[in-house]
Amino acid sequence: MDNRTSPIASLTAAALLSVSLSATAGDLPSREEMWKIIQQQQKQIEALQKDAQTSTVRIEEANQKATAAVEVAEQSQKSVSSAAAWASKTQLGGYGELHYNNLDSKDEIDLHRVVLLLNHQFTDDVRFVSEIEFEHDGDEVEVEQAYVEFDLNQQTSAKAGVFLMPVGILNETHEPATFYGVERNPVETDIIPTTWWAGGAALGGQIGESGFSYDVAVHEGLKTDISNGYKVRKGRQKSSKADANNLASTARIKWTGMPGVELAATVQYQDDITQGTDDSAGEAWLFEAHAQIERGPLALRALYAYWDLDGDGPEAIGADEQSGFYVEPSYKFSLFDQKLGIFGRYNQWDNQAGNGEVDSEKKQYTAGVNYWPIPDVVLKFDMRQQDNEGEQSNDNGWNLGVGYQF
């Protein structure tokens, strides 16, 4: 029990004591005076009660505000934590390049491409990968990659969506700081054809500890016909309402069992390269093999690719065989934390190699220098000389470029 005396009880006691003392003194107040005293005491009691009620309300309001502030702070902390968790699992990146071409065919400056990468790790085993490209100062916008990848175990993964074809050297790794020359080589442009992506599903992984890995994929096929000379580059559908009447299958085997060495071979099959639009053409096979070797400052790249198209239509114009190869030696100097590389490349390719009576073969000699002030930024210069057969014009000249990646 609380033994403290309340203010109301104290006032009441004071009033009674006053009356008692007055009575003792023989000076008792009249009835009217007594009533006034009681009314005054009642007003004081009511005032104290009102103050007590007001204090209680204020305390309750303060408690409610404090509780609300705590809830807001907790919610804010949760939002910050959630944003931090999302950011820690999301990766932003990109690359781009600006070219100056001084060639027989053109004299221009071109913002060739700016590419944005956005990847997100949902869990340790599930991730999203995307690549959006803006070409020629935004004249073209393309989604080169947008797929979800699943780790099935430590050595095997699967993916579904839009992804780059597992073929060639540049198709999957084409950031400007990773290759020599301002422009991508013509064999991996007209024959492979880089950059080449498709919608579908794929499976890949390591084969034990052998140094071998594999990739297999089922995806949208090419769609080309006589209107563009059955050129494979013109047949890329780029997953934009792609005709899926005839899907394609791709398989690659790769060996990286020695540091600085990559050997790989790819085969692709499609039972109708025209997607049913041209009865004079049918099956198409692609065979590709390449080697990348780096030994200290010395490096060598070599690649061969060959298309075999079935049907009277491709055969009539020599497009039933389309092939090309290149050899590229290079040497890289170290200048403190900077790099300077020189290279030479011989390219030979033909989109009408099946008809020996057609002078369609092209040859190109390229030499130049790459300068990396830092690993992710490169300045480039190269010169090229073509020796094309028949009435094909040669496109000679030189190029300057700057590239970056992050």
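Descriptive notes on the structure:
- Test set (1) surrounded by 10 or more Cβ atoms within 10 Å (Cβ to Cβ); (2) not assigned by TED's automatic domain parsing to the domain that holds L400 - S88 fails condition number: (1)
- So R184, is it assigned by TED's automatic domain parsing to the domain that holds V327, touching a His at 6+ places or on another chain (Cβ under 8 Å) and farther than 25 Å from F150 by Cα: yes
- Failed condition for A299, given (1) of a type in the set (A, V, I, L, M, F, W, C); (2) buried (at least 18 other Cβ atoms within 10 Å of the Cβ); (3) farther than 21 Å from L263 by Cβ: (3)
- Residues considered: Y269, Y346. Of these, the only one that is out of contact with any His (no Cβ under 8 Å at 6 or more places or on another chain), free of Cβ contacts under 8 Å to residues at least 40 places away in the same chain, surrounded by fewer than 17 Cβ atoms within 10 Å (Cβ to Cβ) and closer than 24 Å to Q237 by Cβ is Y269.
- Residue among Q385, Q352, Q338 that alone is of a type in the set (S, T, N, Q), free of Cβ contacts under 8 Å to residues at least 40 places away in the same chain and farther than 21 Å from L103 by Cα: Q338
- Scan of the stretch 224-266 for residues that are of a type in the set (S, T, N, Q) and either in a strand (DSSP E or B) or out of contact with any helix residue (DSSP H, G or I) (no Cβ under 9 Å at 6 or more places or on another chain) (or both), ordered by number: Q237, S239, S240, N245, N246, S249, T250, T256, T266
- Only one of the numbered conditions (1) under 28 Å from K241 (Cα atoms); (2) among the acidic types (D, E); (3) touching a strand residue (DSSP E or B) at 6+ places or on another chain (Cβ under 9 Å) is violated by D139, and that is (3).
- Evaluating G356 against the criteria (1) part of a loop (DSSP other than H, G, I, E, B); (2) of a type outside the set (D, E); (3) at pLDDT 95 or above leaves one unmet condition, (3).
Residue-wise test of (1) of a type in the set (D, E, K, R); (2) part of a loop (DSSP other than H, G, I, E, B); (3) under 24 Å from N388 (Cα atoms).
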residue	(1), (2), (3)
Q292	no, no, no
A302	no, no, yes
F325	no, no, yes
K332	yes, no, no
L340	no, no, no
Q352	no, yes, yes
K363	yes, no, yes
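- Residues that are under 30 Å from F134 (Cα atoms) and acidic (D, E) occur in the stretch 84-97; there is at least one.
- Within the stretch 310-318, the presence of at least one residue that is in contact (Cβ under 8 Å) with a residue 40 or more places away in the chain, in a loop (DSSP other than H, G, I, E, B), touching a helix residue (DSSP H, G or I) at 6+ places or on another chain (Cβ under 9 Å) and in the same structural domain as N370 (by TED's automatic domain parsing) is confirmed.
The values are calculated or read from the model by the stated rules, or taken from the named source; none is laboratory data. Just so you know, these numbers come straight off a predicted model, no measurement behind them. Note that each Cβ is placed from the backbone with ideal geometry, even for glycine, and that neighbours are counted across all protein chains shown.
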